[in-house]
1. Which cysteines does chain A leave without a neighbouring Cys Cβ under 4.7 Å?
2. Rounded, prolate or oblate: which fits the range A:1-80, taking a ≥ b ≥ c as square roots of the Cα gyration tensor eigenvalues, rounded meaning a/c under 1.5, else prolate when a/b beats b/c?
3. Given an 8 Å cut-off on Cα distances and at least 6 residues of separation, report the relative contact order of the range A:47-171 as a percent.
4. Using alpha carbons only, how many degrees (0 to 90, rounded to 10) separate the axis of helix A:165-185 from the longest principal axis of chain A?
5. What do you get when you divide the Cα radius of gyration of the range A:61-126 by 2.2 N^0.38 Å, with N the number of residues?
6. At 7 Å along Cα-to-Cβ for each site, give me the label-to-label distance between residue A:270 and residue A:407 in nm.
7. Sort A:88-97, A:281-290, A:36-45 by packing, meaning the average of other beta carbons within 10 Å per residue, with the highest value first.
8. Against the longest alpha carbon principal axis of chain A, how many degrees, from 0 to 90 and to the nearest 10, is the axis of helix A:359-369 turned?
Amino acid sequence: MKQSQFFAKTLKEWPKDEESANARLLLRAGFIAKSSSGVYTFLPIGLKVLEKINSVIREELNAFGASELLMPALVSKKYWDQTGRWQTPVLYRLQDSSGQEYGLGFTHEEVLTNILKQFISSWRDLPLALYQIQTKFRDEPRAKSGLLRGKEFLMKDLYSFHAGEKDLEKYYWRAAKIYAKIFKRLGLKTKIVEASGGDFTKDFTHEFQVLTPVGEDTIFYCQNCSFAQNKEISRVGAGQTCPLCKKGEILKENGIEVGNIFKLGSRFSKPAGLNYKDKDGEVKPVIMGSYGIGPTRIMGAVAELHHDDKGVIWPQVLSPFKVHLVELAGGRAEAQKIYKSLCAAGIDVFYDDRKDASPGEKLFDADLLGISWRLVASAKTVLAKKIELKARSGSEIKLIARNQIFKYVK
RNA sequence: CGGGCCGUAGUGUAGCGGUAGCACGAGUCCUUCGGGAGGAUUUAGCCCGAGUUCAAAUCUCGGCGGCCCGACCA
């Protein structure tokens, strides 16, 4: 892709008012644009990153045996009434011209259970796992921290359906493993934290927290074992001895919740009348679990954790392009050759062929965009019969032979 | 929803009762070309409403909007 033909405009100034790193970096680099508080546009290059997050999630969930579908954002009041969630404070409620009332979905248990009544009737139809990646709406009293807390955001919601609690229990922990793997691939170190189930369940649920001072949740965890609890339910405090292993000290840190998993039981299947017949012919409510990941929040979290003062440093899986090929004065013919060969090799390359941008501007943009690998072709490199290679994550600048590019960039 | 700070060209800012200025951007021309280049020239702005005043970007009140703290966060 040629930069002269692709919309990738950066801003020359840091956005005023924004304090959070993800908002500053993503806005300035032109990944996102703010439409109103907590509501963002994903600009072309930002959308590429978001799609990469989604594709990692899809890959893992598809391999896990879940099927993707897409549900409506506009959800008739009758469904919310079924479960008593019409009065949920964060629900955006609206009316059409005929007086019909709707809520904009913040999760989709009601929609899905009602649909599945047509398709599930026997234990033979279970288990079943369906997910979607969809825009969610929440009337947040206070949107904040760029992509970390918005009123409109992308959410991957997975729902599992089981014949019995035991099957759910097994699936739940398998899902937890897949989640840990997904976050790892996305460049996030997460901790599995016990949390409250809110309106959904009286049991503990589990959150995947990225520990960082900028997170809005407070986590108490053991330095020695896997014990970790959200402050909202925790009875331990920093400095105490771990109640689980009795050895480690409890530490306190903030976290960004990038995912959560819930055992819903029959909380939603019962009101919807989503039942199955077991082997004995007995009618029972389907047992459910739900599992969420916020791709847009992940984008914010990654920016928050992986950056320097010049811009974002994307993990390679999320880099909007594999290579940023920057052409400086005297390097045009060389850059074009390299561009062609990289394209031919199927490498996703962003070629800065702009004639009206100064070298400084191009190099600044390269840092802001944070593409994993930077190649520079200039009079200097042509003279040396080499090409310059730099990883965005490092500081070393290598002069390499052109045919060696593929050794580094694959 | 309570509290704080703040709304001035596309962006970032100065002006704090008396002619709205600067930088970047954008347009045109020339020069330049390895870390947001230089010169010439053009372009574009006081969030909205009411009040005080001879006079309001500036003071007062109300609204709207943004960020931050708190509450909230299925």
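Each reported figure results from applying straightforward, stated rules to the coordinates on display, with no laboratory input. Just so it is clear, the model here is predicted, and its values are computed rather than measured. For neighbour counting, all protein chains shown are included, and Cβ atoms are generated from backbone atoms with ideal geometry for every residue, glycine included.
1. A:343
2. It is oblate, given that a/c is not under 1.5 and a/b is not larger than b/c.
3. It rounds to 25 percent for the range A:47-171.
4. Rounded to the nearest ten degrees, it is 10.
5. 1.33
6. 6.6
7. Descending mean neighbour count gives A:281-290, A:36-45, A:88-97.
8. That helix lies at roughly 20 degrees to the long axis.
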